[in-house]
Amino acid sequence: MEKTSWLKIPDRQDLPKDTQNLINKAEEKFGFVPNVLSNFSINPEHLMKWFNYYNFLMQEDYQLSRREREMIAVVVSAENKCEYCLATHSSYLREITKDAILPDILMHNYRRAEITKREKALLDFAVKMTNESFKMTEADLKPLKEQGLNDQGIGELAQVAAMFNYTNRLLNALGWKPNQEYYGMHR
C-alpha cells in the first residue's frame, strides 16, 4: 500500500467511535476512504472539528453556490500547488457542473475560463487573499459588491478561501497524497 502521509496513520479500529463512524460513512458514500480522513485521524479530535467546519462551509448553500465554493477551492488550491485538493475538488466541480474541462482550465489559468463576472470577482478576491492578503484594502470589496454580494456573502467567500489556504498548507507540509480514484472521477 502506498504511503499517503509522511506521518504514521493510526489503524481505524484504534480510533474513537465518532471518528470511525465518519470514516465508515465516507467509505460507504465513495466506495473508498478519502485519504484526508485517514491522514487527519492522527489527531481524531482535530479531524472532527475540522470536518464539521469544512462540511458547514462546503455543503450548505448560503450566499455562495456549491459551484462557486468548489471553484474557489480549485483556484486557491492551484495557487498553493496542493495536489490533494486539486485532485479532489476538481472532481467535485466536474460532478456539479457536468463539465470535464472547466476544472482543468481553472487549475491552469482561471482568467481564461468562460465564467460569469461574479465568478471572476470571487476568484480574483480569493487569489489576492491567498497571495497578498496583507495588501488588501476596503477597495478590494468593491468588485464583489458590484456583483451583488452583501457583507455576509463576502464573509463567506473569505472563509472558504481561508479554509483552503489552511488545508492546502497542512496537506502540502505533511506530504498527504490524494486517492488515485479522484483523478478519473466524473470525466
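Taking the Cα atoms only, what angle lies between the long axis of helix 83-97 and the longest principal axis of the chain, rounded to 10 degrees?
In the chain, helix 83-97 runs at an angle near 70 degrees to the longest axis.
For segment 12-59, take the convex hull of the Cα atoms, compute a quarter of its surface area, and give me that in nm², please.
About 3.2 nm², averaged over all directions.
Bin width 10 Å, origin at 0, all Cα-Cα pairs of segment 66-173: what percent of pairs per bin?
15, 50, 31, 4
Please tell me the relative contact order of the chain in percent, rounded to the nearest whole number, where contacts are Cα pairs under 8 Å and at least six residues apart.
About 31 percent, as a whole number.
Among 85-92, 7-14, 106-113, 165-172, how do they line up from the highest to the lowest mean number of other beta-carbon atoms within 10 Å?
With the highest mean Cβ count within 10 Å placed first, the list reads 85-92, 165-172, 106-113, 7-14.
When the convex hull of the C-alpha atoms of the chain is computed, what volume per residue in Å³ does it have?
121 Å³
Rank these for me by crowding, Phe51, Phe32, Phe125, going from fewest to most other beta carbons within 10 Å.
Final ranking by Cβ density, sparse to dense: Phe32, Phe51, Phe125.
In whole Å, what is the distance between the alpha-carbon centres of segment 31-53 and segment 137-167?
Segment 31-53 and segment 137-167 have Cα centres spaced 27 Å from each other.
Using Cα atoms only, what is the angle between the long axis of helix 151-173 and the major principal axis of the chain, expressed in degrees (0 to 90) to the nearest 10?
It is inclined by approximately 40 degrees.
When you count, for each residue, the other Cβ atoms within 10 Å and take the mean per peptide, how do 144-157, 53-66 rank with the highest first?
144-157, 53-66
With the chain treated as a Gaussian network of Cα nodes joined by springs under 10 Å, which of Met136, Met48, Met71 yields the largest mean-square fluctuation?
In the Gaussian network model the winner is Met136.
What translational diffusion coefficient, to the nearest whole µm²/s, does segment 22-111 have by Stokes-Einstein, given a Kirkwood radius computed over alpha-carbon pairs, a temperature of 10 °C and 1.306 mPa s viscosity?
Value of D from the Cα-based Kirkwood radius: 113 µm²/s.
Can you tell me the convex hull volume per residue for segment 144-187, based on C-alpha atoms, in Å³ to the nearest whole number?
102 Å³
No value in this document is a laboratory result; all are computed from the given coordinates. Only a predicted model underlies this, so the values are computations on that prediction, with no experimental measurement involved. We place every Cβ from the backbone using ideal geometry, glycine too, and count neighbours over all the protein chains shown.
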